[in-house]
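The values are calculated or read from the model by the stated rules, or taken from the named source; none is laboratory data. No experiment lies behind these values; they were computed from the predicted model shown. Every residue, glycine among them, receives a Cβ derived from its backbone with ideal geometry; neighbour counts consider all protein chains shown. Ligands, DNA and RNA are excluded from the accessible area calculation, which covers all protein heavy atoms including side chains. Shrake-Rupley method; radii C 1.70, N 1.55, O 1.52, S 1.80 Å.
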Amino acid sequence: MLTMLNRQMGAALRMLLVATVVLGLAYPLAVWAVAHVPGLSSRAEGSIIYSADGTPVGSTLIGIDPVAADPANDPYFHTRPSASAEDVLGPGDPSTSGGSNKGGFDEDLVAAVEQRRTVIAEREDVDPDQVPADAVTASASGVDPHISPEYAELQVPRVARVTGLGEEEVRQLVAGSTQHAVLGIFGADGVNVTELNLAIAR
């Protein structure tokens, strides 16, 4: 009886040792190694953006709507609205993520969309019917860093005027922050606002 118990305990201890080595050491090290393959490492580390002095300043995957010190002289490109924002446009709370879960016929949502359209049209000095849909509708995550090229173009004249840059120079920076649809057919073109605002600041 004791011999059988000893054999079973020995087998269990060997299995524990093997599982510890394989699952506790080898597997995590393999995952870490794959995550640091060139081309994957930036995503594995959170796609962090660094300033010239090496200070982390944001992530290419998270869009936080900037707030201008003087709303009348706003030098920033703006992201899509966030459902977590207290104000109709933002900024949202990046510590929470998610949509409003309101349907297209919800009266509060329709009113918020119209209010956003009016505010953005005034900010960009255009007619409300020129404001694109993504400017007034929140993303599913609430922290989407991308906007449509149309929304970026709408903001170019204001950013150029406030920053003192030429409009064509700003458009070149927009083009440099634009990510195109995969193979031209999968997804849609999008402008990364986080990267774009940092490029404007530089």
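Listing for the model above:
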| quantity | calculated |
| --- | --- |
| Candidate set: region 137-166, residues that are closer than 23 Å to Ile200 by Cβ and β-branched (Val, Ile, Thr); chosen: the one nearest to the chain's Cα centre (by Cα) | Val143 |
| So Ala175, is it assigned to a helix (DSSP H, G or I), surrounded by fewer than 17 Cβ atoms within 10 Å (Cβ to Cβ) and small (Gly, Ala, Ser) | yes |
| Subset of region 106-129 [modelled with pLDDT under 90 and assigned to a loop (DSSP other than H, G, I, E, B)] | Asp106, Asp125 |
| Tally of residues being among the acidic types (Asp, Glu) and open to solvent by less than 60 Å² (accessible area, probe 1.4 Å) across region 68-92 | 1 |
| Any hit, region 52-61, residues being in a loop (DSSP other than H, G, I, E, B), under 19 Å from Thr194 (Cα atoms) and open to solvent by less than 40 Å² (accessible area, probe 1.4 Å) | yes |
| Cross-chain or 6+ apart pairs with Cβ under 8 Å, region 83-101 first and in contact (Cβ under 8 Å) with a residue 40 or more places away in the chain, then open to solvent by 70 Å² or more (accessible area, probe 1.4 Å) and assigned to a loop (DSSP other than H, G, I, E, B) | Ser84/Ser97; Gly92/Ile64; Pro94/Ile62; Pro94/Ile64; Gly98/Ala140; Gly99/Ala140 |
| Members of region 132-166 found to be more than 15 Å from Ala188 (Cα to Cα), of a type in the set (Ser, Thr, Tyr) and in a helix (DSSP H, G or I), listed by number | Thr163 |
| Which numbered condition Pro38 fails, given (1) in contact with a helix residue (DSSP H, G or I) (Cβ under 8 Å, 6 or more places away or on another chain); (2) more than 30 Å from Arg171 (Cα to Cα) | (1) |
| Residues located in region 65-105, provided they are modelled with pLDDT under 80, more than 19 Å from Arg117 (Cα to Cα) and not small (Gly, Ala, Ser) | Asp93, Pro94, Thr96, Asn101 |
| Condition check for Thr137: closer than 22 Å to Leu196 by Cα, at pLDDT below 90 and not small (Gly, Ala, Ser) | yes |
| Verdict on Pro81 being under 19 Å from the mean Cα position of the chain (by Cα), within 24 Å of Tyr151 (Cα to Cα) and in a loop (DSSP other than H, G, I, E, B) | yes |
| Output for region 141-170, where each listed residue is of a type in the set (D, E, K, R) and either within 15 Å of Thr194 (Cα to Cα) or open to solvent by 70 Å² or more (accessible area, probe 1.4 Å) (or both) | Asp144, Glu150, Glu153, Arg161, Glu167, Glu168, Glu169 |
| Pair list, Cβ under 6 Å, 6 or more apart: region 112-135 residue surrounded by 13 or more Cβ atoms within 10 Å (Cβ to Cβ), other residue small (Gly, Ala, Ser) and outside any helix (DSSP H, G or I) | Pro132/Ser148; Asp134/Ser148 |
| Residue list for region 140-183, filter: touching a residue at least 40 places away in the same chain (Cβ under 8 Å) and at positive phi | Gly142 |
| Hey, Asp65 in a loop (DSSP other than H, G, I, E, B), surrounded by 16 or more Cβ atoms within 10 Å (Cβ to Cβ) and under 15 Å from the mean Cα position of the chain (by Cα) or not | yes |
